Structures are given as C-alpha cells and as structure tokens.
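The values are calculated or read from the model by the stated rules, or taken from the named source; none is laboratory data. Nothing here was measured: the structure is a model prediction, and the numbers come from that model. Every residue, glycine as well, gets a Cβ built from its backbone with ideal geometry; the counts of neighbours run over all protein chains shown. To get the accessible areas, we keep the full protein, side chains included, count just its heavy atoms, and leave off ligands, DNA and RNA. Shrake-Rupley method; radii C 1.70, N 1.55, O 1.52, S 1.80 Å.
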Amino acid sequence: MSALSQTAQKKVDKKLKKKQTRIESLKPLLVSKSASTTPSTTGGKSARARNTKLGLPTGTKDDHRASGQGPTSSQIIDPLITIIEDLESQARLTNTNKSSRTPLTTDVHGSMITPAALLLMTSLPPTSDPHRFYRCNLSLRSISLPPSLTLHTINLTSNELSALPSPLPPTVHTLNISRNWFTSLPSDLPNLLHLDASHNLLRNSGIPPLPSSLVSIDFRYNQKLGKKSFFDALEALHPPPCVVSTSVTSPPPPDQELYVGESAAFRDPNLLRSQLEPWPTSTLRRRIVSDFHGESLDESVPRRQVMRTLLELYEKEPERQVIESAGVEVSPSLLIRAREIMEDWAKTFSNGNAERSSIKAAHYMILVSPKMYEPHSKKSAVAAKKIAEYESIWKIAREIIESVDSDFANNFSAVAVTHNFQGSPHIDKQNTGPFYAVSLGDFEGGGGVKVECSARIVGEVCTKNRLGKIDGRYPHWVSYYTGERFSLVFYRTDGAETEVGPAIFNVVKKVGRGGG
C-alpha cells in the first residue's frame, strides 16, 4: 500500500470514528415521541394535494428529507433522525468514500430537474410563435386566463393546480397540465388536438366526454386510471390515428421485470427488490444520484432499468444495516382479553383478507371510526353498524391505544384487525401520519415490523405485547415468524399531513445486517 493510500485510509478511519462517537453520545437522549401535529413539508402525492387545497405547504417525499438534500433545520435537533443520518453517512463514507449526498434540484412533485431543463421550462415563449403560454415549475396554485386571448398552446406542467379557468380560449389546440393535482377535468374543453394530463390524481369519474378532435391523449401515471378496462374504453371512443396513453397496472402487465409480484402479498420480503418496490420510480431515480452518486437517468428510461441500475449499485455494498427498536409495553390484562377476543373473531370471520387483498394475511378487517364521515351520512351509519357488530374488538382496541397515547386515541381514523399477517412490503400511501401497531400470540422468531429508515438503514420494531410507533409512509413489512400472530394497527388517513419521519420513534440499537 502506498504512502498516499495509507494517508487517505487514515482520513476515512478518522471520519468514521468521529461519526461513531457522535452516534454513541446521542443515544441517551432518545425518548418515545408522540405524534407530531405540525403540517408537513413532505408527504405522499395525495397528501400533498390535500395540503395544497388546504393552503398548507407541500414538498417532495424522499425518506424524511425534503428533496433528498439532508435533514431540514427543524429535523436536525431530533436526536433520532441525527442517529439515522449519521449511520447512513457512515455507511456511505465506507462504501463510496463520500460522506454527503449529491445535492438535487426537484420540483414539488419529486422529479429531478437539471439546470438546462429548468431554463427550458421557465423560458419565455419563442418569438416565432407568440401564441404560446408557459407557466412551468412556478408552483402556481391558481390561474386565470381571459377567454378573449388568442392562444394556441398552454403549458402549465409542474405546478400545484387542481382546477383550470373556465372556459379556456377556444383557439387552444395543445394543453399540457401534467404534474399537477388535478382529480378531474372540466367538461367544456375546447377542440383540442393534444392533451397531456399525465402525473396527476385523475379518477374515472372525473373524466368528461373529451373532444373528438384529439389526436393524442396522455393519462399516464394517474394511479386511479390504471385499469385495462379504462384504456380499452378510452381507445374505443378515440380510435387511431388518435394515440391514447395510460399506465395499465390492473391486471398487471406481462412484463415481469416491471414489478415484483402483482401486489405486496406476492413479494418475498427477504429480497431487496421487494423492499424497494413500494417506492415510486421518481424516488428510485433520486436515490441513484443522491445516495449512491450514480449517473442521472432520464425520465424516458423505464422503471425496470432504473430498478436494475439501483440494485447493481446495492450489490457493490454490504447488506443494509438493521437497527432495533421496541414499542411501549401494554398491560398484560389488556393483552389477555384482546387475544381471547381476537381468537374468537378469527374463528367466525368469513371474509378472510378480502378487505385488503393486496396484503398476505389469513384474516384482515378494518373498523373505521364513524367520525371519519359526515354525521348522519350513509357511510357513517355503515361504519357505526360494523363497530356495533364487532364492539368487543373496538372497545379493547381503544383501551390499548388510550393506555399509551391518549391524544392519538382521540384522532385515529381506523383500526386494522389482522390474523397471521405475513411479509407484504408496502407503503401506506393514504396515511397522514405514523401508525401504532401491537401484536400478540404464541409466534416466535420474529414478527416485528421492519421499516426502511434510509437508503442503507432498516429498522425493526418489536411489537409483540408492545405498542410500536412506525411511519408507514416508508416501505415496511412484517419479519418472518412461526406460530400464530394477531395484531391491531391504528392509523390516520384524514386531517393535515404530519411531518414525514423518522421511520421509527424510540431507542435504537444496531444489531446486524440484512433487511429481510
């Protein structure tokens, strides 16, 4: 080894030792935390859209970091996040010789923006065609256009719009509203030739009859428009030469490289790819650049290639580190009663896991709080009727959550009642904050909740006879176990989105490697 390489190695060792000392010094500061009520600057796409309509800040979802550029100022003081960041930084320094992430520029939708692309998106209309209208990447939440304007092209991509001015100028033939928060389209669209409404939140019920003049329709990356039947119906209404584009996810496409398994229920939780699968492609692209210092992949590169590239980068490093956490102990008397009630429920509940078939479980039932709905509404009545039918489960569940976090007990939206929940790496996209989970039974060898804390760190939360707190807006799954396992999971899907992360919420211990 040359003198120069010895010097370089000493520098790396010195940095690692410094970071490890910092981690050890912070561990005594860790305490169990209650749910934050601060409106988030990060979150899932649906939640960010809700925040927009409520006039609250929005941002991008990338671990617990806004835009993947490191912890925000309010998060730096959190000892737990600091420990996770330091462990991640230590692993990155060991494997890439770089302790910091590659800075990224992203829009509010989490997509990476190169300086050249930003200049193009925000540039003025070309003088050769004055009848263009561009308002890109400016985070507009509303816009007005005098209908008397003579416009040919309107480009409103990469904003935070959920409604268009009505009516649009009748001269418009090209409309680009991609990367916004639209759930529906106006019914009075002009005689368009080109419509790009990709990367939104459109629903089938929000699509009115479209102009017959269209020669291209782009509805890709609208999760609620993923059924093959929707594509077939749209293509029948707008046959060739009109080009119709949607992202068909149901039934799953025959391309097995696109995703692993039809849903979380069919994913092997021991595979790294299964653990990464819940992330959207935009997050995988950011991780390649930010966390692994890889080359940026253009958005035209398909997901299968993005995933393959990321997995190849992971293969060059040791397995992900596992850190251990434990929930708060629950009264034994409550647990005994809960187990007796749930054992009786499993013997008589005939729906299996039909209420959430994307999850692998022998039985899965959801009890929604009637407070989620308008008073005296049909949905409220249905929820109340179901709770009355399973009153014993609802009561013991409330007693358990109230014994640990009375504030959360007054605000949770629903409780999931499960029997033999297995694996199933997934993200709870509709959650507006962390969830609580308790598991009970005679199972052994695992059965805790594993959750991704950062690119190289996985947490494992012991929930056996304990109420553990986890942020389900990260990929998470149940670790392998043997025996019979019951669980109660308390979560929120209403109200303002709370700040994302950290993924786990109390004392941490480094226990080894392997995320399965």
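Rounded if a/c is under 1.5, else prolate if a/b beats b/c, else oblate: with a ≥ b ≥ c from the C-alpha gyration tensor eigenvalues square-rooted, which is segment 430-482?
Cα axes put segment 430-482 in the oblate bin.
Between K378 and K316, 0.36 nm times their residue separation minus their Cα-Cα distance comes to what?
16.8 nm
Roughly how many Å² is the accessible area per residue of segment 366-516, as a whole number, for a 1.4 Å probe?
On a per-residue basis, segment 366-516 sits at 36 Å².
Taking the Cα centre of segment 360-405 as the origin, how large is its charge dipole in debye, to the nearest 20, when only Lys and Arg (+1) and Asp and Glu (-1) carry charge on their Cβ atoms?
So the dipole magnitude of segment 360-405 works out to roughly 280 debye.
Averaging sequence separations of C-alpha pairs under 8 Å and six or more residues apart, then dividing by the length of segment 205-319, give the relative contact order as a whole percent.
On the way: 90 pairs, mean separation 21.2, N = 115.
Reported relative contact order: 18 percent.
Please tell me which of these pairs span more than 23 angstrom C-alpha to C-alpha: K360/K429; K371/K429; K347/K395; K386/K464?
K386/K464
Just the number, please: carbon plus sulfur as a percent of the accessible area of segment 394-456, 1.4 Å probe, no ligands or DNA/RNA counted.
Percent of accessible area from carbon and sulfur atoms in segment 394-456: 39.
Pop out the carbon and sulfur fraction of the accessible area of segment 185-257 as a percent, whole number, probe 1.4 Å.
56 percent
Could you list which residues have their amide H under 5 Å from that of V458, counting only those 5 or more apart in sequence or on another chain, with H placed in the peptide plane?
Q321, V322, I323, C453
May I ask which residue of F435, Y373, V417 lies farthest towards the positive end of the charge dipole of segment 372-449, with charges of +1 (Lys, Arg) and -1 (Asp, Glu) on Cβ and the Cα centre as origin?
Projecting each Cα onto the dipole axis, the largest value belongs to Y373.
Which shape class, rounded, prolate or oblate, goes with segment 129-243 when its Cα gyration tensor gives a ≥ b ≥ c as root eigenvalues, a/c under 1.5 marks rounded, and past that a/b bigger than b/c marks prolate?
Verdict is oblate for segment 129-243.
What's the local net charge at I470, with K and R +1, D and E -1, over the other residues with C-beta under 10 Å away?
Value of the local net charge: +1.
Going by Cα centres, segment 197-255 and segment 317-379 are how many Å apart?
Using only Cα atoms to place each centre, the spacing works out to 35 Å.
Shape of segment 271-343 from its Cα gyration tensor (a ≥ b ≥ c, root eigenvalues): rounded if a/c is under 1.5, otherwise prolate when a/b > b/c, or oblate?
Here segment 271-343 falls in the prolate category.
Check cross-link reach from K378 to the aspartates and glutamates: straight Cα distance under 14 Å, and skip same-chain residues fewer than eight apart.
Candidates past the 8-residue exclusion: nothing left.
Could you list, bin by bin from short to long, the percent of Cα-Cα pairs of segment 239-372 in 5 Å steps?
2, 7, 12, 13, 14, 13, 11, 10, 9, 6, 2, 1, 0, 0
What is the extension gain from N204 to F266, computed as 0.36 nm multiplied by their sequence separation minus the C-alpha to C-alpha distance, in nm to one decimal?
Working: separation 62, 0.36 × 62 = 22.32 nm, distance 2.71 nm.
Gain on extension, N204 to F266, equals 19.6 nm.
Could you tell me the calculated FRET efficiency between S144 and L193, based on Cβ-Cβ distance and R0 = 30 angstrom, to the nearest 0.05?
Numbers: r = 24 Å, r/R0 = 0.79.
Taking R0 as 30 Å, the efficiency between S144 and L193 is 0.80.
So with the 1.4 Å probe, I'd like the accessible area per residue for segment 196-235, rounded to whole Å².
I get 49 Å² per residue for segment 196-235.
May I ask you to compute the full-extension gain from S213 to D298, defined as 0.36 nm times their residue separation minus their alpha-carbon distance, rounded to one decimal in nm?
27.5 nm
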